[in-house]
1. Can you tell me how many residues in the range 1-43 are loosely packed, with under 15 Cβ neighbours inside 10 Å, without any contact (Cβ under 8 Å) to a residue 60 or more places away in the chain and more than 22 Å from Arg60 (Cβ to Cβ)?
2. Out of the range 1-17, which residues are more than 16 Å from Ser40 (Cβ to Cβ) and modelled with pLDDT of 90 or more?
3. Of the conditions (1) surrounded by 13 or more Cβ atoms within 10 Å (Cβ to Cβ); (2) within 17 Å of Gly90 (Cα to Cα); (3) modelled with pLDDT of 95 or more; (4) not hydroxyl-bearing (Ser, Thr, Tyr), Asp63 fails just one. Which one is it?
4. Look at Asp63 and say whether it is of a type in the set (Asp, Glu), under 14 Å from Leu7 (Cβ atoms) and in contact (Cβ under 8 Å) with a residue 24 or more places away in the chain.
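The values are calculated or read from the model by the stated rules, or taken from the named source; none is laboratory data. The model shown is predicted, which means the values in this text are computed figures rather than measured ones. Ideal geometry is used to build each Cβ from the backbone, glycine not excepted, and the neighbour counts take in all protein chains shown.
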Amino acid sequence: MSKAQPLPAIVIANDLLSGDVIFLGADKWELTHERAAVASDQSAADALLARAKLDFVANRIVDPYLAQVQIAGDGTPVPVHYREKMRTRGPTIRPDLGKQAGL
């Protein structure tokens, strides 16, 4: 069992090939945090992180970790901490360049 994690939580990582921030969903990695699987207890958090670590070992993702969220009124997980809030918004460089501009 891992160290106790503030809950609820989601798993965040980076796609190894694209570099995109990704979120572990119910059955696959998602590009938006709204579709992330939420762990509401420690055993669920451990299970999500164990799933993510399989993709880490297989060299599909890097830096998987649990991030605390709050659940919005519509059921959407919303990151609590500043770092994860920034990661859900995408690159912080010029928005007219790169993927965020649709180029």
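1. 6
2. Answer for the range 1-17, where residues must be more than 16 Å from Ser40 (Cβ to Cβ) and modelled with pLDDT of 90 or more: Ile12, Ala13, Asn14, Asp15, Leu16, Leu17.
3. Tallying (1) surrounded by 13 or more Cβ atoms within 10 Å (Cβ to Cβ); (2) within 17 Å of Gly90 (Cα to Cα); (3) modelled with pLDDT of 95 or more; (4) not hydroxyl-bearing (Ser, Thr, Tyr), Asp63 fails exactly one: (1).
4. no
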